[in-house]
1. Which residue pairs have Cβ atoms under 6 Å apart, sit 6 or more places apart or on different chains, and have a first residue in the range 267-294 that is polar (S, T, N, Q) and a second that is surrounded by fewer than 18 Cβ atoms within 10 Å (Cβ to Cβ)?
2. If you check Leu126 against the conditions, is it over 20 Å from Leu332 (Cα atoms) and either touching a helix residue (DSSP H, G or I) at 6+ places or on another chain (Cβ under 8 Å) or modelled with pLDDT under 85 (or both)?
3. Can you tell me which condition Lys26 does not meet? The list is (1) without any contact (Cβ under 8 Å) to a residue 60 or more places away in the chain; (2) within 28 Å of the chain's Cα centre (by Cα); (3) loosely packed, with under 15 Cβ neighbours inside 10 Å, and all the others hold.
4. Checking the condition within 24 Å of Cys103 (Cα to Cα) and in a helix (DSSP H, G or I), which residue from Ile45, Ile9 passes?
5. Report the residue count in the range 157-186 for those that are of a type outside the set (S, T, N, Q) and more than 14 Å from Leu214 (Cα to Cα).
6. Which of the residues spanning the range 110-127 are of a type in the set (A, V, I, L, M, F, W, C) and either open to solvent by 40 Å² or more (accessible area, probe 1.4 Å) or in a loop (DSSP other than H, G, I, E, B) (or both)?
Amino acid sequence: MPNRDLDNILVEYEQQRRIAEVDLEKRKKELYNKQPRLLEIEDEINKISINKTKSILLNEMTNDAEAKFNNDLNKLKDEQVRLLKKENLTLDFLKPKYKCTKCNDTGFIKFENQKTQMCTCLKQKLIDISYNKSNLSNLQKENFDNFNENIFSAEINEKKYKMNISPRDNIINIKNASMNFVKKFDDINTKNLFFTGNTGLGKTYMTNCIANELIKHGKIVLYQTAPVLLETIIDNKFTKYKTTDTNDFYNQVLTADLLIIDDLGTEYQNSLKLSELFTILNTRALNLNNKLTRTIISSNLSIEKIFEVYEERIGSRIAGFYNIYYFFGEDLRLCK
């Protein structure tokens, strides 16, 4: 992972923190003009906290003194809550609104034992830069909130689609299943997803909706087309001069919380790629890295075609460990 990428992101985080802190000061100023007592309370809380810390550092803290400090602080905080309630506000109003509440837009989480760990939000940004590139570029607009089932036909055409429901009802079912997949992502019984159907029917949109929600929940999402995924792995395996990035990519493929493999069936196939594909699907399906991972596969091939085109063991992994959803209807790109 290039250091300049990390440096650039950390500068971005610093700017985010500064914006959140400036916004907080602006909000507090407006509030304190309406409720001057809140400013007095803040000053008093700060003074008591400083005096309490000094007493501890100078080893002058007694049980009675500590009880008085805590009693005074609690009274002030109770009054603070009451005054905020009058303005229909909570204590959260007096905190900066960071984009990531886990790391407060620092990129790192510090634990009580003083150890630090890279936050999932920073990991995701680095993965996006190095691997996902433009694959997740539409997350801002392709999400469940913007999902519009009305662009799908409400007409039932069994002769044309070989299905006894309309494309609209079908996509609503798939949307509900996708939202349930997100909701129960950490349930060990949750199956992976296999999206099949012609191009232009919403498969990529639906995977982006899922990716969007899971990233919000702090999950690491790696999104690659099957050709790029398998070519990169094979190239890396036979690279003479191994690098950290080479090993990191393969590790991410196996351990990312969610791996999205798009356009399965469009890659040039050989025995090496089939072997690597099986290893990926098998490792992730059986949690062989001692970590719960999920996979979404999108393909123009039906599950029956998967068994014809790929090895039996690959077809059986998908049939056994994936819920299969068929997208059908008119090409939405031609309907615009």
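The values are calculated or read from the model by the stated rules, or taken from the named source; none is laboratory data. None of the values given here were measured: they were computed from a predicted structure. Neighbour counts are summed over all protein chains in view; Cβ atoms, including those assigned to glycine, are modelled from backbone coordinates with ideal geometry. Just so you know, the surface numbers come from the protein's heavy atoms only, side chains and all, with ligands and any DNA or RNA stripped out. Shrake-Rupley method; radii C 1.70, N 1.55, O 1.52, S 1.80 Å.
1. Thr283/Leu254; Asn289/Leu254; Asn289/Thr255
2. Values: over 20 Å from Leu332 (Cα atoms): yes; either touching a helix residue (DSSP H, G or I) at 6+ places or on another chain (Cβ under 8 Å) or modelled with pLDDT under 85 (or both): yes.
Answer is yes for this residue.
3. Unmet for Lys26, out of (1) without any contact (Cβ under 8 Å) to a residue 60 or more places away in the chain; (2) within 28 Å of the chain's Cα centre (by Cα); (3) loosely packed, with under 15 Cβ neighbours inside 10 Å: (2).
4. Values: Ile45 fails: within 24 Å of Cys103 (Cα to Cα).
Among Ile45, Ile9, only Ile9 is within 24 Å of Cys103 (Cα to Cα) and in a helix (DSSP H, G or I).
5. Total satisfying the criteria: 15.
6. Initial filter on the range 110-127 (of a type in the set (A, V, I, L, M, F, W, C)): 111, 118-119, 121-122, 126-127.
Passing the criteria: Phe111, Met118, Cys119.
Conditions (1) closer than 28 Å to Lys47 by Cα; (2) among the small types (Gly, Ala, Ser); (3) open to solvent by less than 40 Å² (accessible area, probe 1.4 Å), marked per residue:
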residue	(1), (2), (3)
Leu57	yes, no, no
Thr62	yes, no, no
Ala65	yes, yes, yes
Leu73	yes, no, yes
Lys86	yes, no, no
Asn104	yes, no, no
Ile129	no, no, no
